[in-house]
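The values are calculated or read from the model by the stated rules, or taken from the named source; none is laboratory data. Not measured: the values here are computed from a predicted model. Because the Cβ atoms are built from the backbone with ideal geometry, glycine has one as well, and the counts that use them run over all protein chains shown.
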Ligand code: MV4
């Protein structure tokens with residue numbers, strides 16, 4: 001087992017990882033930018049190391065500073081958390097070159113899933129269902145239009161270097177194909193330095209359902225049930241839950257089998273997520289794989305009764321997986337509490353947190369790095385806490401969530417709490433009747449004063 005882990009991240013996930021390391025008797029090193037010098041991840045780690053000024057590119061993304069911190073503190077492993085360097089193939093390789101274990105997949109596995117056309121081709125070979133579309137890059141307009149006609153409009157153009165919604169264009173009719181392709185190529189080129197685009201049938205009003213998976217160093221794979229992440233706004237997830245109210249036992253089995261096939265196809269090592277689009281007929285299609293721990297991992301932890309950060313660390317140290325050890329029980333929901341104003345288009349609302357009182361009690365968990373008097377820096381994302389509840393049934397979990405949302409007190413900033421409270425009372429949400437389109441049509445009722 002590792003003696004000392006450097007956490008190459010900040011905020012709640014850095015604290016989350018440090019907590020598990022403490023339980024495992026592993027020493028921790030925090031890295032921080034000058035904007036985070038008073039952060040809880042810095043205070044709770046055994047050692048800390050300043051890696052630069054506030055901007056991410058000068059601190060949390062600076063590979064050489066982080067690697068130097070690991071060498072100086074003699075850390076034998078690095079946990080990247082999510083975001084920042086978590087899916088950076090070059091960073092994973094640099095860690096290996098220095099003899100420091102990157103807690104996650106190999107550089108080759110990151111690369112196999114990072115390029116979306118390659119990932120899709122790998123899934124086709126592994127007999128995992130994919131969305132009908134082009135098997136190669138679209139370089140020729142005439143060929144692209146011919147293929148789009150065969151697939152049938154609407155189609156969607158996606159960047160092979162993209163993911164999470166960046167560099168996508170829906171094309172409703174042939175007249176719009178050429179201009180959309182040019183615009184999407186330009187956008188992808190600027191955003192990723194790779195203008196490569198591919199084509200798919202556009203699935204209207206799908207659900208976003210993802211399966212938590214893991215693979216060990218011996219070729220074994222396991223899945224840990226699904227999460228429904230359909231409640232998103234502009235590709236930002238706001239609520240995640242497990243199990244999905246749309247998934248029945250037959251579909252759950254199919255999703256789990258497909259997800260395990262995907263893991264085995266690339267001999268994946270570590271924890272990861274297979275994202276599926278599920279259509280109204282319960283047809284499901286591989287969309288992409290996230291080769292990192294995700295924000296919403298606690299939802300799975302609560303239904304499986306499993307510390308996924310511990311599992312990541314154990315897998316990196318050579319643990320063998322056994323599917324039969326894991327089965328879901330009950331319902332868990334997570335609400336992301338962001339420093340944003342839901343009455344003003346979710347506009348960021350950084351500032352100082354005053355009169356903070358977290359909720360607690362039976363079935364309630366808060367993963368957060370904030371405290372009373374904490375100043376939210378404007379340089380990073382706006383998530384300040386994850387409120388996770390567990391119940392025996394979905395409605396029990398929803399009502400517990402309402403109670404816990406009302407119990408939290410946060411002054412000084414605007415948060416997404418009023419949004420979540422209105423959502424928990426929405427009849428379509430309560431009955432499980434929602435798709436990824438749900439929030440486009442959701443209207444907040446007036447702010448009470
Ligand atoms: C799609 C799609 C419909 N059809 N692909 C958005 C994020 C990126 N991972 C892929 N996305 C989509 N791909 C086909 N062929 C609809 C979306 C999509 C979406 C997916 C999941 C969650 C929210 C979404 C919101 C808009 C569009």
Q) Would it be correct to say that residue 252 is part of a strand (DSSP E or B) and in contact (Cβ under 8 Å) with a residue 12 or more places away in the chain? A) no
Q) Out of the range 175-193, which residues are over 27 Å from residue 439 (Cβ atoms), in contact with a strand residue (DSSP E or B) (Cβ under 7 Å, 6 or more places away or on another chain) and more than 16 Å from the ligand (Cβ to nearest atom)? A) 185
Q | Test: residue 200 is near the ligand (Cβ under 9 Å from one of its atoms) and in a strand (DSSP E or B) | A | yes
Q.
When the residues of the range 131-148 are narrowed to those that are near the ligand (Cβ under 10 Å from one of its atoms) and assigned to a loop (DSSP other than H, G, I, E, B), which ends up surrounded by the fewest Cβ atoms within 10 Å (Cβ to Cβ)?
A. 132
Q) Is it the case that the range 402-422 has a residue that's within 28 Å of residue 275 (Cβ to Cβ) and assigned to a loop (DSSP other than H, G, I, E, B)? A) yes
Q. Within the range 390-400, is even one residue within 16 Å of residue 338 (Cα to Cα) and touching a strand residue (DSSP E or B) at 6+ places or on another chain (Cβ under 6 Å)?
A. no
Q) Do we have any residue at all in the range 101-116 that's part of a strand (DSSP E or B) and either closer than 16 Å to residue 85 by Cα or modelled with pLDDT of 95 or more (or both)? A) yes
Q) Restricting to the range 8-48, what's the tally of residues that are assigned to a helix (DSSP H, G or I), under 22 Å from residue 350 (Cβ atoms) and touching a helix residue (DSSP H, G or I) at 6+ places or on another chain (Cβ under 6 Å)? A) 4
Q) So is residue 151 closer than 28 Å to residue 260 by Cβ and surrounded by 14 or more Cβ atoms within 10 Å (Cβ to Cβ) or not? A) no
Q.
Can you go through 307, 344, 257 and tell me which one is more than 16 Å from the ligand (Cβ to nearest atom), at negative phi and within 19 Å of the chain's Cα centre (by Cα)?
A. 307
(Q) List the residue pairs whose Cβ atoms are under 9 Å apart, where the first residue sits in the range 316-328 and is at positive phi, the second is surrounded by 11 or more Cβ atoms within 10 Å (Cβ to Cβ) and at pLDDT 95 or above, and the two are 6 or more positions apart or on different chains. (A) 318/216; 318/217; 318/218
Q.
Checking the structure you have, find out if any residue of the range 209-225 is near the ligand (Cβ under 10 Å from one of its atoms), part of a strand (DSSP E or B) and over 30 Å from residue 106 (Cβ atoms).
A. no
Q) Considering 110, 103, 90, which residue is within 22 Å of residue 266 (Cβ to Cβ), under 25 Å from the mean Cα position of the chain (by Cα) and surrounded by fewer than 15 Cβ atoms within 10 Å (Cβ to Cβ)? A) 90
Q | Residues satisfying the stated conditions in the range 153-171, i.e. more than 11 Å from the ligand (Cβ to nearest atom) and farther than 16 Å from residue 133 by Cβ | A | 161
Q.
Among (1) farther than 23 Å from residue 274 by Cβ; (2) away from the ligand (no atom under 16 Å from the Cβ), there is one condition residue 108 misses while meeting the rest; what is its number?
A. (1)
Q) Given the conditions (1) part of a loop (DSSP other than H, G, I, E, B); (2) farther than 22 Å from residue 301 by Cβ, and given that residue 189 satisfies all but one, which numbered condition is not satisfied? A) (1)
Q: For the range 423-449, name all the residues that are more than 16 Å from the ligand (Cβ to nearest atom), in a loop (DSSP other than H, G, I, E, B) and over 21 Å from residue 341 (Cα atoms).
A: 431, 432, 433
Q.
Anything in the range 267-291 that is surrounded by 24 or more Cβ atoms within 10 Å (Cβ to Cβ) and part of a loop (DSSP other than H, G, I, E, B)? List them, or say none.
A. 268, 291
Q: Can you tell me which residue among 274, 333 is assigned by TED's automatic domain parsing to the domain that holds residue 399, touching a strand residue (DSSP E or B) at 6+ places or on another chain (Cβ under 7 Å) and within 16 Å of the ligand (Cβ to nearest atom)?
A: 274
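Based on what the data block shows, is residue 87 over 26 Å from residue 294 (Cβ atoms) and within 16 Å of the ligand (Cβ to nearest atom)?
In short, no.
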Q.
Restricting to the range 210-237, name every residue that is in contact with a helix residue (DSSP H, G or I) (Cβ under 7 Å, 6 or more places away or on another chain) and closer than 30 Å to residue 442 by Cβ.
A. 211, 212, 224, 225, 226, 227, 230, 231, 232, 233
